[in-house]
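Visitor: Next up is a structure, given as C-alpha coordinates.
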(Lines give C-alpha, C1' and ligand atoms only; values in the text may rest on other atoms or scores of the structure.)
Protein backbone atom coordinates (compact mmCIF):
# COMPACT_ATOMS: atom_id res chain seq x y z
CA UNK A 1 0.00 0.00 0.00
CA UNK A 2 1.27 3.49 -0.89
CA UNK A 3 -0.01 5.19 2.27
CA UNK A 4 0.55 4.55 5.92
CA UNK A 5 -2.41 5.18 8.20
CA UNK A 6 -0.32 6.84 10.91
CA UNK A 7 0.75 9.53 8.42
CA UNK A 8 -2.75 10.88 7.79
CA UNK A 9 -5.83 11.88 9.70
CA UNK A 10 -8.39 9.08 9.78
CA UNK A 11 -10.84 10.70 7.36
CA UNK A 12 -8.08 11.62 4.92
CA UNK A 13 -6.69 8.12 5.09
CA UNK A 14 -10.10 6.61 4.34
CA UNK A 15 -10.63 8.99 1.42
CA UNK A 16 -7.20 8.23 -0.07
CA UNK A 17 -7.62 4.51 0.47
CA UNK A 18 -10.91 4.61 -1.41
CA UNK A 19 -9.37 6.59 -4.25
CA UNK A 20 -6.48 4.14 -4.46
CA UNK A 21 -8.74 1.08 -4.41
CA UNK A 22 -11.41 2.39 -6.77
CA UNK A 23 -9.62 4.69 -9.18
CA UNK A 24 -5.85 4.17 -9.20
CA UNK A 25 -5.06 0.51 -8.57
CA UNK A 26 -7.49 -0.98 -11.16
CA UNK A 27 -5.78 0.85 -14.02
CA UNK A 28 -2.37 2.02 -12.83
CA UNK A 29 -1.64 -0.26 -9.88
CA UNK A 30 0.21 -3.01 -11.75
CA UNK A 31 2.45 -0.74 -13.80
CA UNK A 32 5.95 0.34 -12.82
CA UNK A 33 5.95 4.12 -12.28
CA UNK A 34 8.58 4.63 -14.98
CA UNK A 35 6.23 3.11 -17.59
CA UNK A 36 3.42 5.55 -16.87
CA UNK A 37 3.63 8.42 -19.34
CA UNK A 38 1.60 11.59 -19.91
CA UNK A 39 -0.67 9.80 -22.41
CA UNK A 40 -1.36 7.06 -19.84
CA UNK A 41 -2.45 9.66 -17.28
CA UNK A 42 -4.65 11.49 -19.81
CA UNK A 43 -6.30 8.22 -20.90
CA UNK A 44 -6.81 7.11 -17.29
CA UNK A 45 -8.41 10.46 -16.39
CA UNK A 46 -10.64 10.48 -19.49
CA UNK A 47 -11.85 6.93 -18.76
CA UNK A 48 -12.80 7.85 -15.21
CA UNK A 49 -14.84 10.80 -16.45
CA UNK A 50 -16.41 8.78 -19.27
CA UNK A 51 -17.43 6.11 -16.73
CA UNK A 52 -19.35 8.66 -14.68
CA UNK A 53 -16.84 9.38 -11.93
CA UNK A 54 -17.50 12.94 -10.75
CA UNK A 55 -15.05 15.67 -11.67
CA UNK A 56 -14.19 16.46 -8.03
CA UNK A 57 -13.39 12.78 -7.36
CA UNK A 58 -11.26 12.58 -10.50
CA UNK A 59 -9.45 15.72 -9.35
CA UNK A 60 -8.74 14.14 -5.96
CA UNK A 61 -7.46 10.99 -7.64
CA UNK A 62 -5.30 13.06 -9.95
CA UNK A 63 -3.83 15.06 -7.05
CA UNK A 64 -3.02 11.82 -5.24
CA UNK A 65 -1.25 10.21 -8.20
CA UNK A 66 0.52 13.51 -8.90
CA UNK A 67 1.81 13.51 -5.31
CA UNK A 68 3.11 9.96 -5.78
CA UNK A 69 4.97 10.95 -8.94
CA UNK A 70 6.28 14.19 -7.45
CA UNK A 71 7.75 12.18 -4.58
CA UNK A 72 9.30 9.70 -7.04
CA UNK A 73 10.91 12.60 -8.92
CA UNK A 74 12.13 14.20 -5.68
CA UNK A 75 13.60 10.85 -4.61
CA UNK A 76 15.43 10.48 -7.95
CA UNK A 77 13.40 7.43 -9.02
CA UNK A 78 12.02 9.24 -12.08
CA UNK A 79 13.18 12.17 -14.19
CA UNK A 80 9.76 13.61 -14.99
CA UNK A 81 6.29 13.65 -13.48
CA UNK A 82 3.75 12.48 -16.11
CA UNK A 83 0.93 14.38 -14.42
CA UNK A 84 0.76 17.42 -16.64
CA UNK A 85 -2.97 18.08 -16.88
CA UNK A 86 -3.79 21.61 -15.75
CA UNK A 87 -4.14 25.19 -16.79
CA UNK A 88 -0.78 26.68 -15.77
CA UNK A 89 -1.95 27.95 -12.39
CA UNK A 90 -1.89 26.66 -8.85
CA UNK A 91 -5.67 26.29 -8.60
CA UNK A 92 -7.23 23.02 -7.59
CA UNK A 93 -9.90 21.62 -9.88
CA UNK A 94 -12.63 22.44 -7.35
CA UNK A 95 -11.42 26.04 -7.29
CA UNK A 96 -11.54 26.19 -11.10
CA UNK A 97 -15.04 24.72 -11.09
CA UNK A 98 -16.26 27.38 -8.66
CA UNK A 99 -14.86 30.35 -10.59
CA UNK A 100 -17.37 32.93 -11.76
CA UNK A 101 -16.97 35.72 -14.28
CA UNK A 102 -16.46 38.26 -11.49
CA UNK A 103 -13.44 36.23 -10.29
CA UNK A 104 -11.55 36.74 -13.56
CA UNK A 105 -9.76 40.07 -13.99
CA UNK A 106 -8.48 40.19 -17.55
CA UNK A 107 -7.06 43.70 -17.10
CA UNK A 108 -4.87 42.70 -14.17
CA UNK A 109 -4.31 39.18 -15.50
CA UNK A 110 -5.40 37.41 -12.34
CA UNK A 111 -8.02 35.11 -10.86
CA UNK A 112 -9.57 35.66 -7.45
CA UNK A 113 -10.10 32.40 -5.58
CA UNK A 114 -13.03 32.83 -3.20
CA UNK A 115 -14.73 29.43 -3.13
CA UNK A 116 -14.40 25.82 -4.15
CA UNK A 117 -16.73 23.15 -5.46
CA UNK A 118 -16.81 19.84 -3.60
CA UNK A 119 -18.47 16.53 -4.37
CA UNK A 120 -20.45 14.78 -1.66
CA UNK A 121 -21.39 11.12 -1.49
CA UNK A 122 -23.92 10.31 -4.15
CA UNK A 123 -22.39 12.79 -6.58
CA UNK A 124 -24.10 15.95 -5.30
CA UNK A 125 -21.87 19.03 -5.50
CA UNK A 126 -21.73 21.98 -3.14
CA UNK A 127 -19.98 25.32 -3.29
CA UNK A 128 -18.02 26.07 -0.15
CA UNK A 129 -15.42 28.49 1.10
CA UNK A 130 -11.72 27.65 1.24
CA UNK A 131 -10.45 25.61 4.18
CA UNK A 132 -8.64 28.68 5.54
CA UNK A 133 -8.38 32.41 4.93
CA UNK A 134 -5.10 31.73 3.12
CA UNK A 135 -7.16 29.80 0.58
CA UNK A 136 -8.77 33.08 -0.50
CA UNK A 137 -6.14 34.48 -2.79
CA UNK A 138 -5.25 36.11 -6.08
CA UNK A 139 -3.53 33.96 -8.69
CA UNK A 140 -1.68 35.35 -11.70
CA UNK A 141 -2.87 34.19 -15.11
CA UNK A 142 0.16 33.22 -17.21
CA UNK A 143 0.54 35.52 -20.21
CA UNK A 144 0.78 32.51 -22.53
CA UNK A 145 -2.92 31.72 -21.97
CA UNK A 146 -4.31 35.27 -21.64
CA UNK A 147 -5.42 35.60 -25.28
CA UNK A 148 -7.21 32.24 -25.17
CA UNK A 149 -8.84 33.07 -21.84
CA UNK A 150 -9.97 36.46 -23.13
CA UNK A 151 -11.60 34.78 -26.17
CA UNK A 152 -13.20 32.15 -23.93
CA UNK A 153 -14.67 34.74 -21.57
CA UNK A 154 -16.01 36.81 -24.47
CA UNK A 155 -17.62 33.77 -26.11
CA UNK A 156 -18.91 31.77 -23.13
CA UNK A 157 -19.05 33.74 -19.89
CA UNK A 158 -22.44 34.97 -18.84
CA UNK A 159 -22.94 38.69 -18.70
CA UNK A 160 -22.64 40.04 -15.22
CA UNK A 161 -20.55 41.96 -12.81
CA UNK A 162 -16.91 42.12 -13.83
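Visitor: Considering only residues that are within 21 Å of residue 92 (Cα to Cα) and touching a residue at least 40 places away in the same chain (Cβ under 8 Å), look in the stretch 9-39 and name the one that is surrounded by the fewest Cβ atoms within 10 Å (Cβ to Cβ).
Guide: 38
Visitor: Can you find a residue that is assigned to a loop (DSSP other than H, G, I, E, B), surrounded by 15 or more Cβ atoms within 10 Å (Cβ to Cβ), outside the structural domain of residue 54 (by TED's automatic domain parsing) and in contact (Cβ under 8 Å) with a residue 40 or more places away in the chain anywhere in the stretch 138-156? Show your work before the answer.
Guide: In the first step, residues of the stretch 138-156 are kept if they are assigned to a loop (DSSP other than H, G, I, E, B); the result is 141-142.
When the remaining residues are screened for being surrounded by 15 or more Cβ atoms within 10 Å (Cβ to Cβ), the result is 141.
Imposing the further condition that a residue be outside the structural domain of residue 54 (by TED's automatic domain parsing) reduces the set to 141.
The next check asks that each one be in contact (Cβ under 8 Å) with a residue 40 or more places away in the chain; those that pass are 141.
Yes, the stretch 138-156 contains a residue that is assigned to a loop (DSSP other than H, G, I, E, B), surrounded by 15 or more Cβ atoms within 10 Å (Cβ to Cβ), outside the structural domain of residue 54 (by TED's automatic domain parsing) and in contact (Cβ under 8 Å) with a residue 40 or more places away in the chain.
Visitor: If residue 94 meets every condition in (1) surrounded by 17 or more Cβ atoms within 10 Å (Cβ to Cβ); (2) more than 18 Å from residue 23 (Cβ to Cβ); (3) in contact with a strand residue (DSSP E or B) (Cβ under 7 Å, 6 or more places away or on another chain); (4) at pLDDT below 90 apart from one, which number is that one?
Guide: (2)
Visitor: Just give me the residues in the stretch 60-75 being within 27 Å of residue 119 (Cα to Cα) and out of contact with any helix residue (DSSP H, G or I) (no Cβ under 9 Å at 6 or more places or on another chain), in sequence order. Step through it out loud before you land on a result.
Guide: Filtering the stretch 60-75 down to residues within 27 Å of residue 119 (Cα to Cα) leaves 60-71.
Once the filter is applied, which keeps residues that are within 27 Å of residue 119 (Cα to Cα) and out of contact with any helix residue (DSSP H, G or I) (no Cβ under 9 Å at 6 or more places or on another chain), the stretch 60-75 yields 67, 70, 71.
Visitor: Could I ask something else about it? Against the definition (without any contact (Cβ under 8 Å) to a residue 12 or more places away in the chain, out of contact with any helix residue (DSSP H, G or I) (no Cβ under 6 Å at 6 or more places or on another chain), within 23 Å of residue 98 (Cα to Cα) and in a helix (DSSP H, G or I)), how does residue 46 come out, yes or no? Before you say what the answer is, go through the steps one by one.
Guide: Details: without any contact (Cβ under 8 Å) to a residue 12 or more places away in the chain: yes; out of contact with any helix residue (DSSP H, G or I) (no Cβ under 6 Å at 6 or more places or on another chain): yes; within 23 Å of residue 98 (Cα to Cα): yes; in a helix (DSSP H, G or I): yes.
Here the answer is yes, as residue 46 does meet what is asked.
Visitor: Same structure again: Counting just the residues of the stretch 1-28 that are in contact with a helix residue (DSSP H, G or I) (Cβ under 8 Å, 6 or more places away or on another chain) and outside any helix (DSSP H, G or I), which one comes out modelled with the lowest pLDDT?
Guide: Per the criteria, the residue is 1.
The values are calculated or read from the model by the stated rules, or taken from the named source; none is laboratory data. On a predicted model such as this, the values are computed, not experimentally measured, just so you know. Positions of Cβ are backbone-derived with ideal geometry, glycine not excepted, and every protein chain shown enters the neighbour counts.
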